[in-house]
Each structure stands twice: as structure tokens, then as C-alpha cells.
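What follows is a short report on a single structure.
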Amino acid sequence: MDLWIPRKIRNRKTPYRVLALKYRPQNFDELIGQDALVRTLKNAIETGRLANAYMLTGVRGVGKTTTARIIAKALNYKGPDGTSGPTTGPTDDCALCQAIAQDRHPDVMEMDAASRTGVDDIREILDGVRYAPSEARYKIYIIDEVHMLSKNAFNALLKTLEEPPPHVKFIFATTEIRKVPVTVLSRCQRFDLRRVDIPTLQKHFTSICEKESVTADEEAVSLIARAADGSVRDGLSLLDQAMALGNGKVEIEQVQDMLGLSDRGRSLDLLEAALKGDTAASLGVFDEMIERGGDPLTIIQDLLELTHLLSRLRAVPDGGLGAAGLNPDFATRLSELSGKLSMPSLAKSWQILLKGVSEVQTAPSPSGAAEMILIRLAYAADLPDPAELIRKLKEGGSLDATAQKKTELGSAGHSAPPRCHVPLGTPGLYRPLTGNTAAIIL
Ligand SMILES: Nc1ncnc2c1ncn2[C@@H]1O[C@H](COP(=O)(O)OP(=O)(O)OP(=O)(O)O)[C@@H](O)[C@H]1O
Ligand SMILES: [Mg+2]
């Protein structure tokens, strides 16, 4: 039976390659977000101060395997005429480097320690170490996921690692550096690859969209950059998916649906209503978000993240957002709201939401649990914070916390009954303690 294949795909000369592979950096200058590593390695190569072994560590998808291959090419570069020395620049004009990039050069061996963990596998490598490279300058052994090697396999490596023949270099990559014995670590030059920050990821993804002739919303790309959590590969996989969904366009609504995210603006409406103590409004927004396919857990996690951003802004009004990668309108709204909230009330909201996340995860009805959290937030907004309480007690006035919160936030309405309008000294409610403290007994 003939399978029908769309003409657009039938006419394609080369098969589709996922973005992460298509845009794998081929030299140091193309690596993003790893400036310290690039600087050190470039200096080492230019001055010829090369270590016997390198250990590259970092979370998934930040460039460990990529860097290992770049080092292998840079050290073996011979140029188009076969006479040049090692380089830190592009290596595309060298036939040897092309063979390395295509993983078909016998002098550069890449081994996956996750599938070959035993001492015999290492012995196999060590047997070949004695022989000089066939064509390249260095024989390079790249051992990926090195933490998976067995104890015996590590021990078998030690001697060669300490004093390898001058034509041999080892490059190890791992996500779990703690599982690598110190004896091995002390024989390697270690590089910690960083999580890539949001603005850098955003710039990278935007340039890839341009190269792929895909129109992309700035906000959608920013969302993907945030969801990538510092991993370039995670971000590129998400971008691939978004491009497939949007059929040549990357739009905010689609990305939000894809990530199961609710609209951030709506999340802020929800948080603002709850912090004002406006239960009806907050439950209204919540119902609407759920109707639009929002996930209760994601909504509560979003509120938690917003509370964190508001607290940062409250603590450091200028530049408190750091590298959060927010769009300017949203950032302005956040900073206006943070100016109206007190730090204790933000801290209180954080505690309620943090506890709320696990409650939503374990509750039989996640949306019911999320509603309970919103109600709790709205009611907690009415309670005076300890400093305010002490001040009021000292002044000997009444504790009309609701009214005070409303003026703070410019509230338009309040559905919850005020519960703190209690004159001082009402028996059973407030028990003044000695000194500057007071306890609330509810
Ligand atoms: N620093 C970076 N700059 C540019 N692209 C990167 C970077 N890091 C990763 N990538 C992209 O992610 C892909 C995967 O990177 P790589 O295989 O090097 O990750 P890794 O750190 O080895 O991850 P893992 O721990 O999962 O093996 C690359 O093909 C490239 O497209
Ligand atoms: Mg890897």
C-alpha cells in the first residue's frame, strides 16, 4: 500500500532534522551562555596549555556533548591544506574536522558510559591508547554520562588518566558530578556548564525562528525560554513542537495551550483579587480560567511564581525583576502592585500558596483544593500582620484591618465579612502579652 506523503515533504531534498540537532554549535563562538568556559578553553588552546582530561558537568541540554566535540575538532584542526595547528575558530574547512563532526573518524571515539558501564569496556579503550593516532593530531576519547561507569571501571582508568601518552586526551561529560569518584576528578580539569539565562535563550530562539522563516510572537518565545528552565535543548524541543502546532507561526495562545499555562495577565488579576480580599472576584477569574482549560495546579504554581516576583520587586524596587524576561507592560503592572503590598502580607501569601501546591497535588478534587486556597488567601488578606497588630495595640485603637487593606490596595469591593473589626480588649479574641508581643486567639 502506498503511503500518501504531502508534496511539500516529498519535494524536500533532505529529511527533517530536529532543531536541537540542526543547530548544534560547531565552534566555540556558537556556544551560548557559557562565556567562562569558552574563554578558558580558548586561552588553553591558544597557549598550548592542555590538560590530559577534561570533565564537563551541568544539567541536561546545556552543551556538554557539544563542547566535547568542539574541543575534539579544535585540537585536531589541520585546515584546508592540512598544515594548520589547533584553532579556536571555525573548523568547517578541514576535512578531518568534518569527519569528526559526522562521527566517522577513527581517532575520535565517543562512548556512552550509560550503556557500557563495565571494566571490560574501559579495558577495550585502554588497549587502544598505546597506539598513535592514524591521521589526527590527538586520539580523543569522549566518555558521555561518565558517572554511570562501575567502580572497577573507574579504577581501571586511573593510571592512564594520570599519565596518558602525549597523543591522548580524555573528555568526560556528566550530569551527576557527585557520582564521579574524587580520584578521577582530581586528575581532570573541571568545567561547570551553567544553565542558560532567559534573555540569552530568548535571543537564540528568535534567531532560529528567523533562520527557519517562522514568524514568532516575542511573548511566545519568552514563554518557551522560561519553560526551558535553562536547558537549550529543552527549549529547542518546545520550539520544534510549537512550530509544528502553529504551522509556520509561533503564537502566544498556542504556546500557552501547549505548555498548559494560563494567561499570566489573568493570573495576576486572580492574585490581585485574592490579595484584596475580594473572594467573589477571585473565584470568578478562577472559574473562567478552568473553563478555558487551565489546570488548577499550574494556576496555583503561577500564583506562587508571581508572589515571588512581587516580593523581589518589593524588596528591590529597581531591578528587582532581574532576568525574569517579562514583557514591559506586565512588568509595569507587577511593580505597581508590589508598591501597594506589604512584605509581611506577601510572605503570608507565599506560605499559603506553597502549602497549597502540595494540597492541590494530593486532594481528591484539585480544583476544589485550589478554590479553598484562594478563599484562604482572601481571608488572610484581611488579617493584620504582626507589626500592624503591635502598632494598633500600642496606640490602643481598634483593629479594622479590612478597611486598612482596602485603602492600601484601592479595593473596589469586598465580599467577605470583616472579621477583625474588634475593639481592643474584647475577651477571648486578643490576649495582650507582656512587652511588644500579642497573640491572636481565633
Ligand atoms: N550552550 C549552548 N549553545 C547553543 N546550543 C546549545 C547549547 N547547549 C545545548 N545546545 C543545544 O542543545 C542540543 C543538545 O546539547 P548537548 O547534547 O551538548 O547537551 P548535553 O549537555 O550533552 O545534554 P545531556 O546531559 O542531556 O547529554 C545541541 O544540539 C544544541 O542544539
Ligand atoms: Mg550529552
Can you work out the FRET efficiency for the pair Thr175 and Val214, with r the C-beta to C-beta distance and R0 = 30 Å, to the nearest 0.05? 0.50
Just want the ordering: Val108, Val360, from fewest to most Cβ atoms lying within 10 Å of their own Cβ. Val360, Val108
Please say if region 189-275 is rounded, prolate or oblate, where rounded means a/c under 1.5 for a ≥ b ≥ c the square roots of the C-alpha gyration tensor eigenvalues, and otherwise the choice is prolate for a/b larger than b/c and oblate otherwise? oblate
Suppose R0 equals 45 Å; then what is the FRET efficiency for Trp350 and Thr183 from their Cβ-Cβ distance, rounded to the nearest 0.05? 0.55
Share of Cα-Cα pairs in region 264-384 beyond 25 Å, in percent? 18
From the cross-link list Lys64/Lys211; Lys42/Lys159; Lys179/Lys348; Lys64/Lys203; Lys78/Lys249; Lys73/Lys159, the entries with a Cα-Cα span beyond 31 Å are Lys179/Lys348; Lys78/Lys249
Modelled label-to-label distance, Ser358 and Arg391, 7 Å Cα→beta-carbon offset: nm? 3.4
With +1 on the Cβ of every Lys and Arg and -1 on the Cβ of every Asp and Glu, the dipole magnitude of region 138-215 about its Cα centre, in debye rounded to the nearest 20, is 240
Report the FRET efficiency, 1/(1 + (r/R0)^6), for Arg137 and Glu305, where r is their Cβ-Cβ distance and R0 is 35 Å, rounded to 0.05. 0.10
State the answer as a single residue: which of Ile70, Val184, Ser115 lies farthest towards the positive end of the charge dipole of region 19-192, with beta carbon charges of +1 for Lys and Arg and -1 for Asp and Glu, about the Cα centre. Val184
What's the magnitude of the charge dipole for region 57-102 around its Cα centre, counting Lys and Arg as +1 and Asp and Glu as -1 at the beta-carbon? Answer in Debye, nearest 20. 320
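The numbers here are math on the coordinates, done by the rules we state, and not lab data. Since the model is a prediction, treat every value here as computed from it, not as a measurement. Using ideal geometry, Cβ is built from the backbone for each residue, glycine included, and neighbour counts are taken over all protein chains shown.
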